[in-house]
Amino acid sequence: MTLSRWLALVLLGCAVAAVAYIGIDLNTPYAGFNREAFVDLSKGTGARQMAAMLQNAGVIRHSWTFLIARALRRGATLQAGEYRFAESASVLEIFDRVRRGDVFYYELVVPEGKNMFDIAAAAERLGIFSAEQFLEAARNPAPIRDLDPLAPTLEGYLFPNTYRLSRTTTPDQLCLTMTGKFREVWRGLRTDASVHRTVTLASLVEKEGKLPDERPVIASVFARRLAIGMKLDCDPTTIYAALLAGNYNGAIHRSDLASGDPYNTYQHAGLPPGPIANPGVASMAAVLHPAETDYLYFVARADGSGGHNFSATLAAQEANVVKYRRAIARHR
């Protein structure tokens, strides 16, 4: 065997070995962190810098392996964002996560009818910030002042939706995102009605109306009462007053009904000072387009359906209340 042939075979063997080593390194799971690692790849970060950041965080063993993966998949677009790594993974798996944009986020689910206290508690459970920090931001109506100069807080304008939050999301940023969603929905309603009146009344409808087809009927009851100067007598407003005072313990007491708080519609005619919850689009639409009825009263049905019995006279209402109480007593 000539020297040149021998050298060629040696070089070929080295090349095969290098390719095999690289292949193993690209596909071998690795985790150089303890419990989890977060890597924030900001917009404009290049592949070389990404590789260094991933290595420094212990996500990959060698930065050059990420660059080889980049060369092998040259057409891929790498997505900016914060990534969470909690278990070992190969370089190719890490590369594919960044290519897909599999960024880390918290999911905050806000159903219709939740108030700012509910939202604050849900955000705190995610561990991003405290409930009090969120409430401090939500008590500032500045982000919605142009739409509702009378808004006492952001209550009513923290639109129900599912929101994606990062670890760096602040309460102020979340409030801006939620009120931004409200603006989008409000524009979609295409109305020149008063924002304050609509949202405040819709929050009462949202809390009282569990069945979609009843919301326009409940809206009609409240609208008729307002038109004749009759008190709304809405239980959820007394609960909200107790929440504001820090006195609510899960039940309505006589003291709540007798409270002079402006939100208590058992003591004050007209609308409360502002919304008592964050209504969905269906409740706002119900206020804008209430049913045509002669009802002035309603009471819950005792069948667990969430529905109500409606009536136009006090005598009929009192009869419905008696039926409700008897039905409740039978099931105790």
Kindly list the number of the only condition in (1) under 20 Å from residue 239 (Cα atoms); (2) buried (at least 17 other Cβ atoms within 10 Å of the Cβ); (3) modelled with pLDDT under 95 that fails for residue 283. (3)
Taking the stated definitions as given, is residue 327 farther than 30 Å from residue 141 by Cβ, among the small types (Gly, Ala, Ser) and surrounded by 16 or more Cβ atoms within 10 Å (Cβ to Cβ)? no
Which one is farthest from the chain's Cα centre (by Cα) among residues in segment 73-91 that are surrounded by 15 or more Cβ atoms within 10 Å (Cβ to Cβ) and not hydrophobic (A, V, I, L, M, F, W, C)? 90
Count, please, the residues in segment 181-200 that happen to be closer than 14 Å to residue 112 by Cα and either surrounded by fewer than 19 Cβ atoms within 10 Å (Cβ to Cβ) or in contact with a helix residue (DSSP H, G or I) (Cβ under 6 Å, 6 or more places away or on another chain) (or both). 2
Helices (runs of 4 or more DSSP H) (entirely within segment 88-141) containing at least 1 residues that are in contact (Cβ under 8 Å) with a residue 24 or more places away in the chain and of a type in the set (D, E, K, R): 91-100, 131-138
Hits in segment 231-282 - residues which are more than 22 Å from residue 219 (Cβ to Cβ) and acidic (Asp, Glu): 256, 261
With (1) more than 27 Å from residue 110 (Cβ to Cβ); (2) among the hydroxyl-bearing types (Ser, Thr, Tyr); (3) outside any helix (DSSP H, G or I); (4) without any contact (Cβ under 8 Å) to a residue 60 or more places away in the chain as the list, and residue 324 as the residue in question, which single condition is left unmet? (3)
Listed residues 49, 55; which is modelled with pLDDT of 90 or more and touching a His at 6+ places or on another chain (Cβ under 7 Å)? 55
How about segment 181-235: which of its residues are touching a Lys or Arg at 6+ places or on another chain (Cβ under 7 Å) and at pLDDT below 95? 209
Considering (1) touching a Leu at 6+ places or on another chain (Cβ under 9 Å); (2) under 30 Å from residue 42 (Cα atoms); (3) surrounded by fewer than 21 Cβ atoms within 10 Å (Cβ to Cβ), say which one residue 178 fails and leave the rest. (3)
Does segment 144-179 hold any residues that are aliphatic (A, V, I, L, M), over 16 Å from the mean Cα position of the chain (by Cα) and part of a loop (DSSP other than H, G, I, E, B), and which are they? 147, 150, 151
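The values are calculated or read from the model by the stated rules, or taken from the named source; none is laboratory data. Everything numeric here is computed off the predicted structure, so don't read it as measured data. Glycine also receives a Cβ, built like all others from the backbone with ideal geometry; neighbour counts cover every protein chain displayed.
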